[in-house]
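Participant: Have a look at this one.
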Amino acid sequence: MSLSDNEFIFTLSILLLLAGAIAAIVFSRKHKAANIISNCFCIGASALGAVSVIRHLLDGGGIKQVFTFTSNIPLIEISLRYDNLSSYFLLILFVLTFAVSIYSIGYISHYYGKRAVGVFNFLYCSFILSMMMVMLAGNLITFFIAWELMSVTSYFLVVFEHEKSENVKAGTVYIIMTHLGAAFIMAALMIMYALTGESMIIGSNGLFADIPEAFKNLCFIFFILGFGTKAGIIPFHIWLPKAHPAASSNISALMSGFMIKTAIYGILRFTLGCFGVSEVWWGTTILVLGIIAAVLGVAYALMEHNIKRLLAYHSIENIGIIFIGLGIGFLALSKGNSFVAGIAIAAALFHTMNHALFKGGLFLGAGSIQYSTNTKDIEQLGGLIKKMPLTAIFMLCFSLAISAIVPFNGFVSEWLTYQSIFAFLSEGSLGMDLIIILSAAALAFAGALAAVCFVKLFGISFLGLPRSESAKAAKEVPVTMLSGMGILAALCLAFGLFPRLVLKVIAAVTSEIAGLSLLENISNSTIPICSGISIGNNRMSMAALLVVIVVLVVAAIIGVRLTGGKGRSRGFGTWDCGFVEINERMQYTATGFSKPIRIVFRLLYRPYRKLTVKGEIPEYFPDKMEYKVGTVSIFEKYIYDVIIRWLQRFSRRVKYTVQTGSIHMYLSYILVTVIALMLYGRLF
């Protein structure tokens, strides 16, 4: 094989990741060496992998076999291969891994001499490999093994700082929820295997098309429950705002940027790729779940003051936006409208890429803030733009991108989602049109709240005066951390200005999984540098718009200079109400900023106030007063807490009924079980 062979390059990237995991263990006693060598292997692997899958997609795609292992045990065969759909998701993983691995060289240095850096980097490489295996799985057995490996390695990374009780609790909730989701996925895979003549192959070639509709519907429900839990879709989201803050920021970037997207891959692979879409209610279900997640995700994010919890809730919001695109696409396919389906699914895939870039960057930025200030609490920050100017610029870019502000990439994918919604309005009945209109309203409302939320995040954290000693002592992070964030920020801008770079790759995916032609429906601008998009009568060119904005700004500056720039200016002190100087206690707080929203939507937030007074006679001589404002999670309080209490009561009753302490009773249990199994084997 030569270096020009895509299969060889791709295999080499896998071997480099394995080498990185091995190097982390070999150099485990030398923390710095383990960190640098392991991450360098990851950087090389992700670069080679990205080159390989890009070439594969641009050269026409198709299925490429990577590795096959057949054992003597029936049905146990490990098959790794990739096609257009898996190549696109692998591209997202490789791009994100490249930036995060560069960032990690500097970020993990705060673990030197304190924690087992070699173990961390071994888990880090294993986590990346497990996510690759999910994308490469060529049969049902391989997919489920890879899925479980991904869940287990991510669990150990979540609880890596295990001395913190909140991390252990977050890890426990995460592993329980992920295995509940895995149980539904396994049930669906078993149904698929049982009804297809013992076929274990995963493909987009209709092997599962002959499954009866009733079982297709059952599998769809199981897949939505299983993959929806991994994606963090509401109401299966409770693990996500707990696990992301517990994990290290580079791991949070991978979990939010890509791991939860494996659920999007699973839905596309097993519903659209294997079954096709024939039922209208499939798309309606996905669309409604997306509307709920988009609105409630950003609403809860606005109330958070822990940066990483805030970003975790925004992951729920963006998964909701992706679900809205998928829902429109599935509805269009069920109605036979390939034009709208192509645009909607392309919008969902584009936003999947975009979210990996700006949300990965935001988590890296949050890690930089924590690295420099040792806090994740927005209320303790302020004035960081003077202390960490480059981090501030990158965080501003990511904030603009996630808020869908021109000229960044978030605007393009949301614009495409809007176009698919408007194009589909004339296709449905009155009831369906109402849902479609509601999805457009939800998308607009979520976008508005997202902008408010990131004004709070950036304004309170980076502007004004420092609110704590740690914020005053902050300094810029190492160059490797800045480089990782800079790469993602540059890609956010590049994919916003030139979206056809991504759409050309997405076209190969939509053509493979659903036979949808994308580029024929999206015409280009007549000016090459503008690289515009035209859908029907609606046209958009971010590059041209940016040029117009720059020209107008320059013209305004020149105009001001020519007409009034030579005037003499005089300075006067403003009236300050008798205060000597403005201090940090006179600034807006994060709590005060979000209070109007909390008041308007108090039915959702269920806000509460708690005043704690301490002292020998606190009623008359208080020594310390603490005032706390918070909100209640209605899903945890009214759903999960109720289920947990019911299970605890049920378990206590069963304990006294089953665990009698009698050996004779236990032997009878075994006898009944053996007889039942024998009868099952005889009858079935």
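Participant: For region 609-665, which GluC sites (Glu not before Pro) are both in a DSSP coil and crowded by at most 11 other Cβ atoms within 10 Å? Could the numbers behind the result be given before it?
Facilitator: Details: sites: Glu616, Glu619, Glu626, Glu636; in loops: Glu616, Glu619.
Sites meeting the loop and neighbour criteria: Glu616, Glu619.
Participant: Separate question: Using a basic spin-label model with each label point 7 Å from the Cα along Cα→Cβ, how many nm lie between Ser662 and Asn583?
Facilitator: 7.4 nm
Participant: Taking region 457-507, which trypsin sites (Lys or Arg not before Pro) meet the DSSP loop condition and have no more than 16 other C-beta atoms within 10 Å? Don't jump to the answer; show the numbers that get you there.
Facilitator: Details: sites: Arg467, Lys472, Lys475, Arg500, Lys504; in loops: Arg467, Lys475.
Hits after loop and neighbour filter: Lys475.
Participant: Continuing with the same structure: Mind listing which GluC sites (Glu not before Pro) in region 117-197 are in a DSSP loop and have 11 or fewer other Cβ atoms within 10 Å?
Facilitator: Glu163
Participant: Let me ask something else. If the label point is 7 Å along Cα→Cβ of Lys637, which residues in region 235-263 have backbone nitrogen under 16 Å from it?
Facilitator: Under cut-off, by backbone N: nothing.
Participant: Restricting to DSSP H runs of at least four residues, report the calculated mean residue ellipticity at 222 nm for the chain, -39500 (n - 2.57) per run over all residues, nearest 500 deg cm²/dmol.
Facilitator: Counting only the DSSP helices, I get -22500 deg cm²/dmol.
Participant: Place +1 on the Cβ of every Lys and Arg and -1 on the Cβ of every Asp and Glu in the chain, take the dipole about the Cα centre, and give the residue among Ser46, Ser256, Ser511 whose Cα lies farthest towards its positive end.
Facilitator: Ser256
Participant: Net charge near Gly62, counting Lys/Arg +1 and Asp/Glu -1 over other residues with Cβ under 15 Å of its Cβ?
Facilitator: Charge balance near Gly62 sits at -2.
Participant: Using a/c under 1.5 as the rounded threshold, could you call region 277-541 rounded, prolate or oblate? The axes a ≥ b ≥ c are square roots of the C-alpha gyration tensor eigenvalues, and prolate needs a/b larger than b/c, oblate otherwise.
Facilitator: Prolate, since a/c reaches 1.5 and a/b exceeds b/c.
Participant: Between Ala448 and Lys628, what's the calculated FRET efficiency when r is the beta-carbon distance and R0 is 22 Å? Round to 0.05.
Facilitator: With R0 = 22 Å, the Cβ-Cβ based efficiency is 0.20.
Participant: Given the Cα-Cα distance of Asp210 and Leu18 and 0.36 nm per residue of separation, how much length would full extension add, in nm?
Facilitator: Between Asp210 and Leu18, full extension yields an extra 65.2 nm.
Participant: Between Val455 and His110, what is the label-to-label distance in nm when each label sits 7 Å out along the Cα-to-Cβ direction?
Facilitator: Here the modelled spin labels are 3.0 nm apart.
Participant: Another question, if that's okay. Mind giving me the nanometre distance, one decimal, between the label points for His179 and Ala194, set 7 Å out from Cα along Cα→Cβ?
Facilitator: Each label point lies 7 Å from its Cα, and together they span 2.3 nm.
Participant: Quick check on region 253-307: take the gyration tensor over C-alpha atoms, sort the square-rooted eigenvalues as a ≥ b ≥ c, and tell me if it's rounded (a/c under 1.5), prolate or oblate.
Facilitator: Oblate, since a/c reaches 1.5 and b/c is not below a/b.
Participant: If we count every other residue with Cβ under 15 angstrom of Phe89's Cβ, Lys/Arg +1 and Asp/Glu -1, where does the sum land?
Facilitator: Summing Lys and Arg as +1 and Asp and Glu as -1 gives +3.
Participant: By how many nm would the segment from Asn374 to Val674 grow when fully extended, if each residue of separation counts as 0.36 nm and the alpha-carbon distance is taken off?
Facilitator: Computed gain between Asn374 and Val674 is 102.2 nm.
Participant: Is any residue of region 209-246 close enough, with backbone N under 12 Å, to a label point placed 7 angstrom from the Cα of Ser651 along the Cα-Cβ axis, and if so, which?
Facilitator: none
Coordinate-derived values only; no laboratory data. If you're wondering where the values come from, they're calculated on a predicted model, not measured in any experiment. Cβ: placed from backbone, ideal geometry, glycine included. Neighbour counts: every protein chain shown.
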